[in-house]
1. Test residue 205 against the stated conditions and say whether it is over 27 Å from residue 466 (Cα atoms) and either of a type in the set (Gly, Ala, Ser) or touching a Phe, Trp or Tyr at 6+ places or on another chain (Cβ under 7 Å) (or both).
2. Out of the residues in the range 333-387 meeting the condition of being among the acidic types (Asp, Glu) and without any contact (Cβ under 8 Å) to a residue 24 or more places away in the chain, tell me which one is nearest to residue 191 (Cα to Cα).
3. Which pairs have Cβ atoms under 6 Å, sit 6 or more apart or on different chains, and link a residue in the range 182-210 that is surrounded by fewer than 24 Cβ atoms within 10 Å (Cβ to Cβ) and at pLDDT 95 or above to one that is assigned to a strand (DSSP E or B) and polar (S, T, N, Q)?
4. Quick check, is residue 324 over 30 Å from residue 206 (Cβ atoms), touching a His at 6+ places or on another chain (Cβ under 6 Å), surrounded by 18 or more Cβ atoms within 10 Å (Cβ to Cβ) and assigned by TED's automatic domain parsing to the domain that holds residue 427?
5. Looking only at the range 58-67, decide whether some residue is crowded, with 19+ Cβ neighbours inside 10 Å, touching a Leu at 6+ places or on another chain (Cβ under 6 Å) and more than 19 Å from residue 123 (Cα to Cα).
6. Identify, please: which residue in the range 365-400 is in contact with a strand residue (DSSP E or B) (Cβ under 9 Å, 6 or more places away or on another chain) and farther than 18 Å from residue 199 by Cβ and is, among those, surrounded by the fewest Cβ atoms within 10 Å (Cβ to Cβ)?
Amino acid sequence: MKNNILHSAFFLLFTIMTYGQAEDQLMAELDSKADTYSQIAGQIWEWAEMGYLEEKSTALLQETLKKEGFKIETGVAGIPTAFIAEYGSGYPVIAILGEYDALPGLSQKAVPEKSPAGGAAGHACGHHLFGTASSAAAISVKKWLDRSGTKGTIRFYGCPAEEGGSGKVYMVREGLFDDVDAVLHWHPSSDNGASAGAALANKSGKFRFHGISAHAAGAPERGRSALDGVEGMNMMVNMMREHIPERSRIHYVITQGGKAPNVVPDFAEVYYYARHERRDVVANLFDRIVKAAEGAAMGTGTTVDYEIIGGTHELLPNLTLQKVMHEKMRLVGGVSYNDSEKTFADKIALTLGQDSADLNRAESIAPYKTKGTAYGSTDVGDVSFVVPTVGLRAATWVPGTAAHSWQAVAAGGTSIGHKGMMVAAKTLALTAVHLFNNQKLISEAKKELEERRGEEFEYTPLLGDRPPALDYRK
């Protein structure tokens, strides 16, 4: 009896030591490839391709994964720049998400003062880092599967057009996640953390007004201004804001409003987003926006039609998985700046109204929280309603930097961004390996998902049955 107890204790200690050594080896391998992954991220940063136009970026990531033995399926869900890379076979199937689209109008050089690079877009949300780190993590896990002889499948999802294009929604709608057991993702940020995340549901559309052109001075009575229709709609929606649920968000831009003041415009377009913490509230808000558009058209003698561009669910947290990811991130640790990076950070901090950068936020891991506050939106939300999903944020920007800013683009093009990227890659890889080794957690995560979404849940995409909006950035 005593010998059996000693044998069991020795085996447990050996397993723990072996597992710890495997984690150390995994992180060391990623460190050894940091320069390679920095080059890949830097290239995608320079290309700065917008949603559904990421032809070079997706090709580079596909080639990177293919060289490591992944099987590549391209053009999935009817999207030319979407792909799936897979290695291994059988259960469990662990997926890692990657993004690579840039934002329009945010071209910026990798310098600590505002200096446009001359391009049409910039990686102001760090998706060049997102796609690269996730690829690095998938490759690292693949190598561990080979070394350890562990059964299972590691899968990378190349996800285009997260910024308003809802790329993942089409992938979910096509059933591409139906056989996945757990999904891992991350996002660039100005600090490090792996607490439960949150995101607002979102529905967007372009409203197109059609009028009658005429000479604005010589024959104004013959004209019917499409721009008047847009402005009338905007006015009514702005009055509506007083009478919508708390934490709702509505924003718009006029994308076309005419070409010359002396010509009554016969076409105008406005692009709307509606957001809330609950998808049913978002659907209702959008219906009210449509009514405002119809009323504006009636009042201005114009006509209006609209196109749904995107629609995403809120993010559904999974604490079973989140606790694991937080512990792995604590093991990895934060980002350490060298002298030149500190100088760069302090200069960025001045543009943010700070005397100097608070580097502790980059070096440390934020305390674990079981509930997050939602501000933005992500199409990861739809994924989280069909598969247990877990995410993290890593300090790829100077602390205090906001997403969608030139400061985010600048830092993301430097070693500051690349160091944070590798923190994410290590955390994703360690979390995936832990799930392969502790498959009971996957069952627990699935049970939590079912409880959170409710017995009556049936997935219905907010964007309906429309095909991917491949031209929304053209």
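The values are calculated or read from the model by the stated rules, or taken from the named source; none is laboratory data. Computed from a predicted structure; not experimentally measured. A quick note on method: Cβ atoms are made from the backbone with ideal geometry, for glycine too, and the neighbour counts reach across all protein chains shown.
1. No; evaluated as a whole, the condition is false for this residue.
2. Going through the qualifying residues, I end up with 346.
3. Pairs that qualify, where the first residue is surrounded by fewer than 24 Cβ atoms within 10 Å (Cβ to Cβ) and at pLDDT 95 or above and the partner is assigned to a strand (DSSP E or B) and polar (S, T, N, Q), are 210/303.
4. yes
5. No: the range 58-67 contains no residue that is crowded, with 19+ Cβ neighbours inside 10 Å, touching a Leu at 6+ places or on another chain (Cβ under 6 Å) and more than 19 Å from residue 123 (Cα to Cα).
6. By that ranking, first place goes to 367.
Quick grid of which residues meet (1) buried (at least 16 other Cβ atoms within 10 Å of the Cβ); (2) in a loop (DSSP other than H, G, I, E, B):
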{"residue": "435", "(1), (2)": "yes, no"}
{"residue": "440", "(1), (2)": "no, no"}
{"residue": "451", "(1), (2)": "no, no"}
{"residue": "459", "(1), (2)": "no, yes"}
{"residue": "462", "(1), (2)": "yes, yes"}
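Let's see how each residue does on (1) part of a helix (DSSP H, G or I); (2) outside the structural domain of residue 250 (by TED's automatic domain parsing); (3) of a type outside the set (A, V, I, L, M):
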residue: 139; (1), (2), (3): yes, yes, no
residue: 146; (1), (2), (3): yes, yes, yes
residue: 158; (1), (2), (3): no, yes, yes
residue: 161; (1), (2), (3): no, yes, no
residue: 172; (1), (2), (3): yes, yes, no
residue: 178; (1), (2), (3): no, yes, yes
